[in-house]
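Novice: Can you read through this structure? Questions will come right after.
The values are calculated or read from the model by the stated rules, or taken from the named source; none is laboratory data. Just so it is clear, the model here is predicted, and its values are computed rather than measured. So basically every Cβ, Gly included, is an ideal-geometry build from the backbone, and we count neighbours across all protein chains shown. Surface accessibility is based on the protein's heavy atoms, side chains included, excluding ligands, DNA and RNA. Shrake-Rupley method; radii C 1.70, N 1.55, O 1.52, S 1.80 Å.
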Protein chains: 2
Amino acid sequence: MPENRTDFVTIALMPSGRRGAVPKGTNLLEAARHLGVELESICAGRQTCGKCQVIVEEGHFPKHGLTSAASHLTPVDGREAKYLAEHALPHGRRLACACEVVGDLLLVVPEESQARKQIIAKVATDRVIDVQPAVRQVYVEVEAATLESHGSDWGRLQRALAEQWQIKDATIDPLALLDLQPALAKGKHALTVTLWQDREVLRVQPGYSEGAFGLAVDVGSTTVVVHLCDLRTGKVLATESAMNPQVRYGEDLMSRVSYVMMHPDGVERMHRAIISTLNDLSRRAAQAAAISTADIMDVVLVGNPVMHHLLLGLSPVELGGAPFALAVHQSLDLKARDLGLKLNPCARVHVLPCIAGHVGADNVAVQLAEAPHAQDELMLVVDVGTNAEIVLGNREQVLCCSSPTGPAFEGAQITHGQRAAPGAIERVRIDPVTWEPRFKLIGMDDWIEPASLSSPLRRETKGEDLRATGICGSGIIEAVAELYLAGIIDRDGRFAENGPERSARVRFNGRTGEYVLADAEYTSSGKPIVVTQADVRAIQLAKAALYAGVKLLMQARGVEKVDRIVLAGAFGSYIDPKHAMVLGLIPDCELEKVTAVGNAAGDGARIALLNRAARLEAARIAENAIHVQTAVAANFQAEFVAAIAIPHATDPFPHLADILPQTFAGDGKAGRRSQRRHARLAQAA
Amino acid sequence: MPENRTDFVTIALMPSGRRGAVPKGTNLLEAARHLGVELESICAGRQTCGKCQVIVEEGHFPKHGLTSAASHLTPVDGREAKYLAEHALPHGRRLACACEVVGDLLLVVPEESQARKQIIAKVATDRVIDVQPAVRQVYVEVEAATLESHGSDWGRLQRALAEQWQIKDATIDPLALLDLQPALAKGKHALTVTLWQDREVLRVQPGYSEGAFGLAVDVGSTTVVVHLCDLRTGKVLATESAMNPQVRYGEDLMSRVSYVMMHPDGVERMHRAIISTLNDLSRRAAQAAAISTADIMDVVLVGNPVMHHLLLGLSPVELGGAPFALAVHQSLDLKARDLGLKLNPCARVHVLPCIAGHVGADNVAVQLAEAPHAQDELMLVVDVGTNAEIVLGNREQVLCCSSPTGPAFEGAQITHGQRAAPGAIERVRIDPVTWEPRFKLIGMDDWIEPASLSSPLRRETKGEDLRATGICGSGIIEAVAELYLAGIIDRDGRFAENGPERSARVRFNGRTGEYVLADAEYTSSGKPIVVTQADVRAIQLAKAALYAGVKLLMQARGVEKVDRIVLAGAFGSYIDPKHAMVLGLIPDCELEKVTAVGNAAGDGARIALLNRAARLEAARIAENAIHVQTAVAANFQAEFVAAIAIPHATDPFPHLADILPQTFAGDGKAGRRSQRRHARLAQAA
């Protein structure tokens, strides 16, 4: 230890602003660490990786006066000089690991040199993710073998990992072992080692060789999405998606379960189909990012329980009937090769845990992304797909359930319904006075208004030739809400028989009405696109199921209102919170506290890919979540019936007071009549 | 706890003789355990497996007088009655888990009910092996899933393992997971679970389903041997062997290394070849034992370093030259499927550790079997193959080295040499007076003596038609030793020019002699089988290399003599210790302390298969063994030269005093001349 104060120098590091005294002669990487500024370093101070660059500024310290800081570091030489020359760095850059401090210094740490990189997850709560992935690379120099040396090359690498990186008792994948001797020979005993959880070596490459990537995969019933991420920076390099090929065996989950029950090789077929698609998507993502699939070292998989089981090759049959038993609910750590994934032969796979027979790893991922368990506010998360998974909770407790909404929100079972794809009507407005519509197509920036109005057809002025092909989930939700707001349908969902000036927009066949949303000239089929009485009923039943699930959780929690609502799922990012609430899809809430976040399950998968602690968090989420079984809940049916009305037979919506029609006040004689009708409707459904 | 002495009963258990008091009403399985008698139990007391059978004898205890013991157990009923009826057991048998003791008892525990089965390894030191394999089966009953139950089937199985077998935090092979739900359904929630190291589930089978088997595999350069063992009883059910198919790429280790250096796909080819042979042998062994290969759950592999590397798919090139670096020396735990072994898809493989570039897992297995590290006596273990591995040690310290003997001991490089196979001359005697030979062929029980003597040709009398095809390793060793003892060759290995009555057995071409061992009429080729001067020289060089290695270890240990010698290896079990010592293959020792044990490496593999603690012991053996590098030892060459003489130029052999010819006294002028000649001989070799 230095004996007097003059042996210390003062260092300040920007942008953190941290400063303090360190003994003269301290290595700069060590000094920064001592002051709480962690610099990136893959080569552990061997002046090889260039990750620990700092910018030397002239520093002014009142005690010492103005100084020329550059001379306050030991001079550039040896490997550092070679590195700086080879990489043509801007003046003033130094490798922190290569220099010792000899005088006071002001340094700037560029963003790329900051360790503990953080990324913002695109979720409702702006979650910050520390990039601390399960798979990382380290650079080591391994002692050469001699006639006297004991052990083996792997023994020497183990020792190097222990000494240079404090990684003790590492194991090695037997396939990675095959590359060890050639890599040592080629790298002249220097290696880049890719590690899983700091305990298993997945890969050895000669010399310094940066590049380890991961896949965050959300396997939906309909769509499979793969995000390719750089495991060092956390950046998403490519996102690829495809239709789930299992669709050919059954559109929805139950039909896939039925397929397995009818076909002895059904599991194997659907398992192979999804694995093959994942291999396609990985290859496409790797091509898009100009990397090799052999550099993909880690995968996080999420999906609903049926998808989860089929991914693993497990039969989903038990999930098709009570007691809806999962084969496995815990998270799993696998080898990609055991699943048939064609990545690096030693790549790892982490499958997030499931909660219950209908609440799967995708919902755990949603919770990981939206983090209701970390909120003070009581948060409602609604993840809508073919089923809706509903989560209600805060720091104290998180409840969840699934609700059988059916596929209406995905555009199925709707007369002109379709999946969200170019040409689909995704947004709808109806003039409450004229009952005339405006709508927006996916793939077209501008709104389409009827040609009879003053504005000319925009698609013609733009030379586009996109015509409406159908209505997707968000379109039908807005359409039904707008029909109600315009008074075209009443709160029971029935078409009003007398509109303004007997508008041609509403047509009747007997007492069954329909609304002409897009005239024949705007559609690809040349026939009008309509919203029928049956369509309105289908949406009412779906939203009632969802709402009843929400109510069940609210009752289980003993609350009357929620503080914040997150809409996630396939149509989640397109949906308008106001229309969702007008329709009675979600309970009353401050409108600005309702957020649509899109594919939150994919975000959660990405978080688990980039942060190993998040995997433990996911396990805790799955462990602690209290699952409420809607199938056996005594009051589910009653809640369901009450929720068929628009927005609801009895629940108040104070935050919609200025928007909802005057007719809304559903506790009189008309309300009771309406509920009886709805009970019959529910029974028929 | 019972409050007074009368609440206790006395139990005696035979054959252990253990006796003691237990509280009245104690379960008999518990009572036996309490008295230190561990009974077998797979079903953990569910009266399913029938392993805990005991025989109830009438017991006489002086304190109580003669009693009828049967009534001192609770009566047979329920599951036990069903089991006893179904299995037609002899009278007096009970399932210990099913009864409670209500009075004093004398019981006999039949051998098959004794847990901690022991088997005797066929090794020099009669090693007893506790059967405690890494893979075992347990029977569990799993809670059924209900609508209210959380978790999953795997979660419930984990809980059952923890509660019923105290196995905590078990994991499951993802492929075994696929069988879980069907097995639970078929077994009505009862399962037989196969566990590895009490921590990974390898297999789940419905109901009670006994049968887990393992393979102990010794991959030699020439021969591959597979022992199929019952993992519960430890019994060897079948042994199969085959030629190592890599022989087609090179007869000896160095030529296989050369093959890899010359052919880019050499490693892959030889790896596939050996794996394919192991699959053949496994299938044959399973057929012989009438089991399915799907019931083979564990494998232990041993082999010399080159075999070890090729087995794992590792290049052996580094082993072909200094510094002879192993890619990996530690033991490895693998999945059989990752090696391409076609056993149960989740079967495990344990590869024993290696010590050094020329001292491999086969030598560790030999040490595990012969256990020099557990002896008080100083033990020399010589494992002879193409190379000899030599081990010298006791409790305090174990040294080892390898010595380049070349393949002469395997019959190669010998004029009429051949591998040990039917027709090979394996034993030889020469009459010291008449110089006439007698010999024994592999595959024929009786000795063959020249027809000119009174005894008729035995093979004719027996109707056999086996003729000599060549001389194998043990045959050539006995032949050279007998030639020396008969005075046909001198201690320098030179043929004596004047024999008794100028015997026609010795022929000269100039000054180079040869001995006619089998006349033309006894050979399959119709030409005589001879031992030439060159053959004698080859054996001298090989045995000198071996002896020099032994001396090096003795010098390193600082000893002049050893207490016990174990001869292991391909010819180990056939070799006559006396002839080995007369030839000077091994140093002087009491003859009855020289043992030939055959394939000790295979025994060691079997021990590691049957006892999980032995795997840790093997790791300690490899860790603690001190490797002496013969290649760089300064005095190896001098020792080698001195060991060319028969039995040795200078070392005394007091235990052969009555056997060796009077000419043995090698420290005069003739001795020094002889050593100079040997030095030239060694240089030429």
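Novice: With every protein chain in place, what's the accessible area of residue B:9 (1.4 Å probe, Å², nearest 10)?
Specialist: About 10 Å², ignoring ligands and nucleic acids.
Novice: Charges only on Cβ, +1 for Lys and Arg, -1 for Asp and Glu: so what's the dipole of the range A:8-113 about the Cα centre, in debye to the nearest 20?
Specialist: Working: 11 positive and 12 negative charges, 39 e Å.
For this selection, approximately 180 debye.
Novice: At 1.4 Å probe size, with no ligands or nucleic acids counted, give the accessible surface of residue A:324 in Å², nearest ten.
Specialist: About 40 Å², ignoring ligands and nucleic acids.
Novice: Nm distances between the label at residue B:280 and the same-position labels in the remaining copies, 7 Å along Cα→Cβ, shortest first?
Specialist: So the distances to the same position in the other copies read 4.2 nm.
Novice: With every protein chain kept in the model, how would you rank B:523, A:239 by accessible area, 1.4 Å probe, largest at the top? Mind showing how you got there, number by number?
Specialist: Details: B:523 5, A:239 75 Å².
From most exposed to least exposed: A:239, B:523.
Novice: OK, next. What does DSSP give for the range B:116-351 in terms of the percent of beta bridges that are antiparallel, rounded to the nearest 5? Mind dumping the intermediate values first?
Specialist: Details: 34 of 47 bridges.
DSSP beta bridges in the range B:116-351 are roughly 70 percent antiparallel.
Novice: For residue B:280 and residue B:498 in the same chain, what is the full-extension length gain: residue separation times 0.36 nm, less their Cα-Cα distance, in nm? Walk me through the numbers on the way to the answer.
Specialist: On the way: separation 218, 0.36 × 218 = 78.48 nm, distance 5.49 nm.
Full-extension gain reported as 73.0 nm.
Novice: Still on this model: Just how large is the dipole of the protein assembly as shown about the Cα centre, in debye to the nearest 20, putting +1 at every Lys and Arg Cβ and -1 at every Asp and Glu Cβ? Kindly include the intermediate steps, with their values, before the conclusion.
Specialist: On the way: 142 positive and 160 negative charges, 162 e Å.
The calculation lands at about 780 debye.
Novice: With point charges of +1 on the Cβ of Lys and Arg and -1 on the Cβ of Asp and Glu, referenced to the Cα centre of the protein assembly as shown, which listed residue (A:216, B:425, B:301) lies farthest in the positive direction of the dipole?
Specialist: About the Cα centre, the residue reaching furthest to the positive side is B:425.
Novice: Follow-up question, since we're still on this one. Give the aspartates and glutamates whose C-alpha is closer than 15 Å to that of residue A:24, dropping any in the same chain fewer than 8 places away, or say none.
Specialist: Straight-line reach from residue A:24, under 15 Å: A:3, A:7, A:100, A:104.
Novice: I would also like to ask the following. Could you please put A:48, B:192, B:146 in sequence from largest to smallest accessible area, using a 1.4 Å probe? Present the calculation step by step, with values, prior to reporting the outcome.
Specialist: Values: A:48 30, B:192 0, B:146 60 Å².
Result of the area sort, largest leading: B:146, A:48, B:192.
Novice: Pull up the DSSP beta bridges for the range B:148-263 and report the antiparallel fraction as a percent, rounded to 5.
Specialist: Values: 20 of 22 bridges.
Counting only bridges with both partners in the range B:148-263, antiparallel ones make up about 90 percent.
Novice: Could you name the aspartates and glutamates whose alpha carbon sits less than 12 Å from that of residue B:188, not counting residues in the same chain fewer than 8 places away?
Specialist: B:141, B:143
Novice: Excluding residues on the same chain fewer than 8 positions from residue A:593, give the lysines whose Cα lies under 26 Å from its Cα.
Specialist: Answer for residue A:593, where 26 Å is the Cα cut-off: A:122, A:440, A:543, A:551, A:561, A:578, listed by chain and number.
Novice: Quick one: what are the phi-derived ³J(HN,Hα) couplings along the range B:99-107, Karplus 6.51/-1.76/1.60 with θ = phi - 60°, whole Hz, x for glycine and proline?
Specialist: Here the 3J(HN,Hα) series is 10, 10, 7, 10, x, 5, 8, 10, 10 Hz.
Novice: For chain A, what's the relative contact order in percent, using C-alpha pairs closer than 8 Å and at least 6 residues apart? Don't jump to the answer; show the numbers that get you there.
Specialist: Numbers: 1502 pairs, mean separation 72.8, N = 685.
Taking the mean separation of contacting Cα pairs over the length of chain A, I get 11 percent.
Novice: Quick one: compute a quarter of the convex hull surface over the Cα atoms of the range A:116-351 and quote it in nm².
Specialist: Details: hull surface 60.3 nm².
Hull-based average projected area comes out at 15.1 nm².
Novice: Here is a follow-up. Sequence-distant or interchain residues sharing an amide H contact under 5 Å with residue B:470, placed H: which?
Specialist: Excluding prolines and chain starts, which carry no amide H, the hits are B:425.
Novice: Taking amide hydrogens as modeled 1.01 Å from N in the peptide plane, which residues meet the under 5 Å criterion relative to residue B:172, leaving out close sequence neighbours?
Specialist: The list, which skips near neighbours in sequence, is B:201.
Novice: Towards the positive end of the charge dipole of the protein assembly as shown, with charges on Cβ (+1 Lys, Arg; -1 Asp, Glu), say which of A:496, A:618, B:151 has the farthest Cα.
Specialist: Selected residue: A:496.
Novice: Related question: Report residue A:56's accessible area, 1.4 Å probe, all protein chains in place, as a number in Å² to the nearest 10.
Specialist: 30
Novice: Oh, and also: For the range A:329-337, what does the Karplus curve 6.51 cos²θ - 1.76 cosθ + 1.60, with θ = phi - 60°, yield as ³J(HN,Hα) per residue in whole Hz, taken in order and with x for Gly and Pro?
Specialist: Residue by residue, the range A:329-337 yields 10, 6, 5, 10, 10, 10, 9, 4, 5 Hz.
Novice: Please state the shape class of the range A:338-406: rounded when a/c is under 1.5, otherwise prolate if a/b exceeds b/c and oblate if not, all from the C-alpha gyration tensor.
Specialist: Details: a/c = 3.11, a/b = 1.71, b/c = 1.82.
Because a/c hits 1.5 or more and a/b fails to exceed b/c, the range A:338-406 counts as oblate.
Novice: Shifting gears a bit: Helix A:600-610 versus the longest principal axis of chain A: what angle, 0 to 90°, nearest 10, using Cα atoms?
Specialist: 10
Novice: Once you sort the root eigenvalues of the Cα gyration tensor of the range B:247-388 as a ≥ b ≥ c, which label holds: rounded (a/c under 1.5), prolate (a/b larger than b/c) or oblate (the other case)?
Specialist: On the way: a/c = 1.86, a/b = 1.11, b/c = 1.68.
Because a/c hits 1.5 or more and a/b fails to exceed b/c, the range B:247-388 counts as oblate.
Novice: Could you pull out the pairs from A:168/A:235; B:51/B:342; A:51/A:82; A:168/B:168 whose alpha carbons sit more than 19 Å apart here?
Specialist: Values: A:168/A:235 30 Å; B:51/B:342 30 Å; A:51/A:82 15 Å; A:168/B:168 24 Å.
Table pairs above 19 Å Cα-Cα are A:168/A:235; B:51/B:342; A:168/B:168.
Novice: Further question: At q = 0.08, 0.11 Å⁻¹, work out log10 I(q)/I(0) for chain B with the Debye formula, treating every Cα as an identical point scatterer and leaving solvent out; two decimals please.
Specialist: -0.73, -1.10
Novice: While we're looking at this one, here's another question. Can you put A:82, B:551 in order of accessible area, largest first, using a 1.4 Å probe?
Specialist: Numbers: A:82 130, B:551 30 Å².
Largest accessible area first, the residues go A:82, B:551.
Novice: Quick one: dipole size for chain A, taken about the Cα centre, charges +1 on Lys/Arg Cβ and -1 on Asp/Glu Cβ, in debye to the nearest 20.
Specialist: 760
Novice: What are the ³J(HN,Hα) values, in whole Hz, obtained from phi via the Karplus relation 6.51 cos²θ - 1.76 cosθ + 1.60 with θ = phi - 60°, for each residue of the range B:264-270 in sequence order, with x given for Gly and Pro?
Specialist: For the range B:264-270, the Karplus-derived couplings read x, 9, x, 4, 4, 4, 6 Hz, x marking Gly and Pro.
Novice: Amide H of residue A:8: which non-local residues (sequence gap of 5 or more, or other chain) have their own amide H closer than 5 Å, using H built in the peptide plane?
Specialist: Hits under the 5 Å cutoff: A:24.
Novice: For residue B:163 and residue B:116, what is the calculated FRET efficiency with R₀ set at 30 Å and r taken between the beta-carbons, to the nearest 0.05? Don't skip to the end; give the middle numbers.
Specialist: On the way: r = 24 Å, r/R0 = 0.79.
That pair, residue B:163 with residue B:116, gives E of 0.80.
Novice: Can you give the % of DSSP beta bridges in the protein assembly as shown that are antiparallel, to the nearest 5?
Specialist: Here the share of antiparallel DSSP bridges comes out near 70 percent.
Novice: Using the charge dipole of the range B:8-113 (Lys, Arg: +1 at Cβ; Asp, Glu: -1 at Cβ; taken about the Cα centre), state which of B:85, B:99, B:23 has its Cα farthest towards the positive end.
Specialist: B:23
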